[in-house]
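Q: Let me begin by handing over the structure; questions about it come next.
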Amino acid sequence: MKCDRKGSGERMSGMKILVVDDESRMRKLVKDFLVRSNYEVLEAENGEQAVDIFFETKDIALIILDVMMPKMDGYQVCREIRQYSKVPIIMLTAKSDERDELLGFELGIDEYISKPFSPKILVARVEAVLRRSTSKEEDTFEIGGIVLDKSAHLVKIDGKSIDLSFKEFELLTYFIVNQGVALSRERILNNVWNYDYYGDARTIDTHVKKLRSKMGEKGDYIKTIWGMGYKFEVTE
């Protein structure tokens, strides 16, 4: 079962994606899978070239960015671009250190994917990030008997309205937009509460518990991933 959003596929088809990696084989692998999904792909082999291409090409929709590169690493590239643009950035890294990931999110990276990875999963992440970045406030999501209207701040389950707090609504929206993606508590804090929130991850568990309760049987769509976080998954 999928999240129905009118026109999202049409909006994403043909979008330009900049792939930045000093390994030519990695660029080719990523490019081939993106081209099959009807994206136009530009390539850069180092950070300096990436920055030049980005500012010379005004309609790049997303950047896939490696961390470890010559001349200018991925973090420096992100700093340069974030001074002028909020273009979505997915960072590829061989590192698994939590501090590196937190630095990336603080710099404004939208997704972190560790190497090695499945190219199909990468394409799915690209599509999810682009859906988020191109979404409009009037968008309505329909999935598994749930209708969520962002502009009206309204949620209906099987045709019946449910009363959610502001954060519960934002949390459910984030789950639905990222359905099928395993979300750590840190990522949820970053995207729903933002880094200006100084609480801890337990507040997420509290909000999820309340949200599940209000959703009734549909609350089972929010799966707990022990030791990590949550995943929104619609089951028959």
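The values are calculated or read from the model by the stated rules, or taken from the named source; none is laboratory data. Everything numeric here is computed off the predicted structure, so don't read it as measured data. Reconstructed Cβ throughout: ideal geometry from the backbone, glycine too, with neighbour counts over all protein chains shown. Remember, those area values only see protein heavy atoms, side chains included, never the ligands or the DNA or RNA. Shrake-Rupley method; radii C 1.70, N 1.55, O 1.52, S 1.80 Å.
Q: Largest first, how would Phe105, Phe166 line up by accessible area (1.4 Å probe)?
A: Descending accessible area places them as Phe166, Phe105.
Q: Where does each of Lys223, Lys71, Lys58 land when they are ordered by accessible area, with a 1.4 Å probe and the largest first?
A: The ranking, largest first, comes out as Lys58, Lys71, Lys223.
Q: Then there is this: For segment 15-26, take each phi angle, set θ = phi - 60°, evaluate the Karplus expression 6.51 cos²θ - 1.76 cosθ + 1.60, and give the result in whole Hz per residue in order, putting x for glycine and proline.
A: 5, 8, 10, 9, 9, 10, 7, 7, 9, 5, 5, 5
Q: Let me ask something additional. For the chain, build the convex hull from the C-alpha positions and give me its volume per residue in Å³. Can you show the working numbers first?
A: Values: hull volume 31.1 nm³, N = 236.
About 132 Å³ per residue, rounded to a whole number.
Q: Using amide H atoms built in the peptide plane, which far-off residues or other-chain residues are under 5 Å from Ile64 H to H?
A: Under 5 Å from the amide H of Ile64: Leu18, Val19, Val20, Ile90.
Q: If you build a Gaussian network model of the chain, linking Cα atoms that sit under 10 Å apart, which residue out of Gly145, Gly14, Gly47 swings the most?
A: It is Gly145.
Q: Helix-only estimate, please: 222 nm mean residue ellipticity of the chain, summing -39500 (n - 2.57) across DSSP H runs of length 4 or more and dividing by its residues, to the nearest 500.
A: -11500 deg cm²/dmol
Q: Please find, in a Gaussian network model of the chain (springs between Cα atoms separated by less than 10 Å), the residue of Thr173, Thr206, Thr93 whose mean-square fluctuation is greatest.
A: Maximum among the listed residues: Thr206.
Q: Report, to two decimal places, the Cα Rg of segment 20-79 normalised by 2.2 N^0.38 Å (N = number of residues).
A: So segment 20-79 has a normalised radius of gyration of 1.07.
Q: How large is the charge dipole for the chain, taken about the Cα centre, if only the Cβ atoms of Lys, Arg (+1) and Asp, Glu (-1) carry charge, to the nearest 20 debye?
A: Computed charge dipole of the chain: roughly 620 debye.
Q: Among the listed pairs Lys28/Lys58; Lys160/Lys214; Lys115/Lys223; Lys156/Lys218; Lys16/Lys231, which have their C-alpha atoms separated by more than 19 angstrom in this model?
A: Beyond 19 Å: Lys28/Lys58; Lys115/Lys223; Lys16/Lys231.
Q: Compute the normalised compactness of segment 150-220: alpha-carbon radius of gyration over 2.2 N^0.38 Å, N being the residue count.
A: 1.10
Q: Oh, and also: So what are the ³J(HN,Hα) numbers for segment 47-59, from phi and the Karplus equation (6.51, -1.76, 1.60; θ = phi - 60°), rounded to whole Hz, Gly and Pro as x?
A: Whole-Hz 3J(HN,Hα) from phi for segment 47-59: x, 4, 4, 4, 4, 4, 5, 4, 7, 7, 10, 7, 10.
Q: Got a number for the accessible area of Phe33? Probe 1.4 Å, square angstrom, nearest 10.
A: Looks like 50 Å² after rounding.
Q: Just want to confirm a number: the relative contact order over the chain, from Cα pairs under 8 angstrom separated by 6+ residues, in percent. Don't skip to the end; give the middle numbers.
A: Values: 348 pairs, mean separation 35.3, N = 236.
This gives 15 percent for the chain.
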